Each structure stands twice: as C-alpha cells, then as structure tokens.
C-alpha cells in the first residue's frame, strides 16, 4: 500500500501511533522483565536466608556436640552437667525450630536427600550419646570412654558434616541464583536496548517514508509551477494517490490543461486574425490598385473633358459667329428687300 493513498493527517497519526506503540512495547517488556527480576531477587533472598539458617544449624549443632563431648569426657560430673544442661536445651530447641523451618522450605530432590541424611546422622549421634550416657551412669569409665571415642565422636562429626553438606548445597544454589539473576538482568538490559534500537529504527524509517511521501509530490508541484511560470505547459504532471498533495498536483494538472486549451484557442484566433489581416491587406492592395486606375481614368476623363470643353467653347464661338453672320445676313436681306 502506497502512503500517498492515505491522507496526510491519517499518515501522521499512524506515525505517532506507531511510535507510542513501540514505546508501550518497550515499557511493557521492561516491566515484565523487572517483575521477573523482582521475583528472582525474592527467591535469592529466601535462599540466602535458608543458607544462613543451615549455617546457624551447623554452628549450633557443633556447639551442642562440643558441650555433649565435654560432659561425656567429664564422665557426668555434676558441676559440668549442670553448667551445660540449660544451654544444651536452649540450643536444641533452636536447632529443632531451624530444622522444622528448613524441612518446610527445602523442596528440591537433592535438598530433601540431604535432610534425610542429616536426620539419619542425628539419630546415630543421639544413639551414641545415649550409649555414653548409659555407661557413665553405670560408672563404667572404660566402656564410656570407648563408646565416646568409637561412636559418639565419629557420629557427631558425621552429623555436623551432613549439615555442612546441606549448607554447601544451599550456598551453591545461592551462587547459581545470583548468576541467573545477573544473566536475567543483563538480558533485561539487552532486550530493552534492542527494543529501543528497533523502535528508533522503525520510527526513523516510517518518518522518512512519511516525509518522502510529502516532499516528493511537493517537489513535483514546485517544478510544474516553475515550468508553467516560465511558459512551459508541456511539463508532465502525473499525480498518484489520494492525499492532499496529490489533490493539489491534480488541480495543477487541470489548470495546466485549461491553460493549454485557452492558449490553443487564442492561437487559433490569432491565426484567424492573421489570415483576415492578410486578406484585408490583399484587399487594400487591390483597392489601392483600383483606386490608382480609377484616378488615372479620372485624369483621362478630365483631360477629355477639357478637350470637350475646348471643343464646345470653340463650337459656341463658332455658333456665336454663325449667329452673328446670320443676323448680319438677315439684316442685309431686309435691307435688300426694301
């Protein structure tokens, strides 16, 4: 579809509408990407919170294991047991809270497997601790020491190591989420820049097309007007389209045709007047020739008339003389008759 078939106002409205639509597209895509980035940030914060909770769980478990080992190595000394009993209970309560929260928050298959491993190691640690405690209560120091070294210490280390594995897994997830969020942020920036570049390119191309659809017919109009002003009515005027510039060019072409018709009629009238003038000139020349001939004839007639007048005058003189002679003869005759 040619832009010249669209009216100028509609064309400009389409251009502005396209630019606004592209701006809305850029804003919409950017907002969607930012919303996704916000969700990713929220997930990252939750994973960091879980990683911190696992790290706290590990530290508290390590602390309680150290306290339990101290009590076990003291073989249940009353003062040592009394010193660590309350802190161990408080720490155990905090560990239970952290464990319940993490059990609800961790949903990945690997995370669930690590939690199951921690639960198994914890059970082994509690069993080993109970064994040491039983031997201590039975005042069996050698058996308690052997249970401590062979079972409780390795169980506590395995328990803490299992929690450490979960903490490492959470740290890896946090690092992966950070990398993904950075990629998402880079993608958002790249998408926004690409859409802006696309919008600028489309706006530039559409603006150039609109400008050209106006300036080209206008230039043709100026050329045709200058040609007519210089007296050239043969300059081609070829309007194409239905916009205002095409209508003006079409009107200019109609005016050019009308001027050609008028000039043709004037030229035809001028040729007729030239022919009539030539005929009149020829008639005048013929009339002049006839007038000269008539004048010559008149001169001849005048000369003949003068001659005739002379002859008449001579005849009159002769008649007068004859009359006088007749009168004289009459007189003589009368005298002779007397």
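The values are calculated or read from the model by the stated rules, or taken from the named source; none is laboratory data. Since the model is a prediction, treat every value here as computed from it, not as a measurement. Don't worry about glycine lacking a Cβ; one is built from the backbone with ideal geometry, like all the others, and counts go over all protein chains shown.
Results for (1) surrounded by 11 or more Cβ atoms within 10 Å (Cβ to Cβ); (2) in contact with a helix residue (DSSP H, G or I) (Cβ under 8 Å, 6 or more places away or on another chain); (3) closer than 30 Å to residue 214 by Cα; (4) at pLDDT 75 or above, shown as yes or no for each residue.
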site	(1), (2), (3), (4)
249	yes, yes, yes, no
259	yes, yes, yes, yes
267	no, no, no, yes
282	no, no, no, yes
299	no, no, no, yes
303	no, no, no, no
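Any residue at all in segment 227-243 that is closer than 26 Å to residue 213 by Cβ, at pLDDT 75 or above, out of contact with any helix residue (DSSP H, G or I) (no Cβ under 7 Å at 6 or more places or on another chain) and in a helix (DSSP H, G or I)?
yes
Across segment 157-188, what is the number of residues that are touching a residue at least 60 places away in the same chain (Cβ under 8 Å) and within 16 Å of residue 37 (Cβ to Cβ)?
Count: 8.
Report every pair of residues separated by at least 6 positions or lying on different chains whose Cβ atoms are under 8 Å apart, first residue within segment 192-220 and at negative phi and surrounded by fewer than 16 Cβ atoms within 10 Å (Cβ to Cβ), second at pLDDT below 75 and part of a helix (DSSP H, G or I).
Short answer, once both residue conditions are applied: 207/15; 209/3; 218/245.
Can you confirm whether residue 103 is over 20 Å from residue 45 (Cα atoms), touching a residue at least 12 places away in the same chain (Cβ under 8 Å) and part of a helix (DSSP H, G or I)?
no
I want to confirm something. Restricting to segment 9-38 and keeping residues that are surrounded by 16 or more Cβ atoms within 10 Å (Cβ to Cβ) and closer than 21 Å to residue 218 by Cβ, which single residue is modelled with the highest pLDDT?
15
Residue by residue, here is whether (1) within 60 Å of the chain's Cα centre (by Cα); (2) modelled with pLDDT under 85 holds:
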site: 40; (1), (2): yes, yes
site: 46; (1), (2): yes, yes
site: 72; (1), (2): no, yes
site: 75; (1), (2): no, yes
site: 80; (1), (2): no, yes
site: 101; (1), (2): yes, no
site: 105; (1), (2): yes, yes
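Going by the structure shown, is residue 73 in contact (Cβ under 8 Å) with a residue 60 or more places away in the chain and closer than 23 Å to residue 137 by Cβ?
Yes; evaluated as a whole, the condition is true for this residue.
So, in segment 82-91, how many residues would count as being at pLDDT 85 or above, within 14 Å of residue 66 (Cα to Cα) and loosely packed, with under 14 Cβ neighbours inside 10 Å?
Number of matching residues: 2.
Check whether at least one residue in segment 127-137 is part of a helix (DSSP H, G or I), in contact with a helix residue (DSSP H, G or I) (Cβ under 7 Å, 6 or more places away or on another chain) and surrounded by fewer than 18 Cβ atoms within 10 Å (Cβ to Cβ), and report yes or no.
In the first step, residues of segment 127-137 are kept if they are part of a helix (DSSP H, G or I); the result is 127-137.
When the remaining residues are screened for being in contact with a helix residue (DSSP H, G or I) (Cβ under 7 Å, 6 or more places away or on another chain), the result is 128-129, 131-132, 135-136.
Restricting the remaining residues to those that are surrounded by fewer than 18 Cβ atoms within 10 Å (Cβ to Cβ) gives none.
No, that holds for no residue.
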